Amino acid sequence: SQTIHQWPATLVQPVGSPLSLECTVEGTSNPNLYWYRQAAGRGLQLLFYSVGIGQISSEVPQNLSASRPQDRQFILSSKKLLLSDSGFYLCAWSAGPPVETQYFGPGTRLLVL
Amino acid sequence: SQQGEEDPQALSIQEGENATMNCSYKTSINNLQWYRQNSGRGLVHLILIRSNEREKHSGRLRVTLDTSKKSSSLLITASRAADTASYFCATPPNFGNEKLTFGTGTRLTIIP
């Protein structure tokens, strides 16, 4: 069966520090991969998605970037965090296209101070 | 703007009652999905309804889709305390796209 991992689970970082969040998927090949951010009590904002190694689509221009160095690995990065980067970051995968069910990881709670 | 908008934003009901949440969307779709999110957790897929379906059931869940009104509803029957969560609808913004757009969510609280 497929599983999706995210780490770390929680992270507290100072403003201006770098960021690296990692997501890996097991049990499937060539998945579509997604990074979302969720502000407290709000909906999901799609940040990046990838349909293959090295293929990244950015949805929201900001100081974040994403990379997909391996088929089942998706990394979210920042060179300098902003206060507004605080939130709950969710990684997800799906088969497709067309996209049907998305499977979510447990999330990383990021607090930028 | 959001592709999906859930209504109401928050709903509190007594355990055992039925809960109904609505979702409206803007563009043509080939499917609509509902997800549940427990506090501090990732989302879990509940049910998918295709554009050629009008109603679908899964256990205590009943989903309807009205493509002429661009709306869907999620009914949870005989609610339980464990149903307390946020519920989101999600749609592909265009046919065959690689991504989903999620609504703003309905926060459901079941009062024991």
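Bear in mind that the values in this text are calculations on the coordinates, not laboratory data. Keep in mind the model is a prediction, meaning the values are calculated, not measured. No Cβ is skipped: glycine too gets one built from the backbone with ideal geometry, and neighbour counts run over all protein chains shown.
Computed from phi, the 3J(HN,Hα) profile of segment A:70-79 under the Karplus parametrisation 6.51, -1.76, 1.60 (θ = phi - 60°) reads 9, 3, 10, 10, 9, 10, 10, 9, 8, 7 Hz, with x in place of Gly and Pro. All other residues whose Cβ lies under 10 angstrom from that of A:S29 are scored, Lys and Arg at +1 and Asp and Glu at -1, for a net of 0. Mark the label point 7 Å from the Cα of B:N97 along Cα→Cβ and return the residues of segment B:2-39 whose backbone N is within less than 11 Å of it. Label zone hits: B:2-4, B:26-30.
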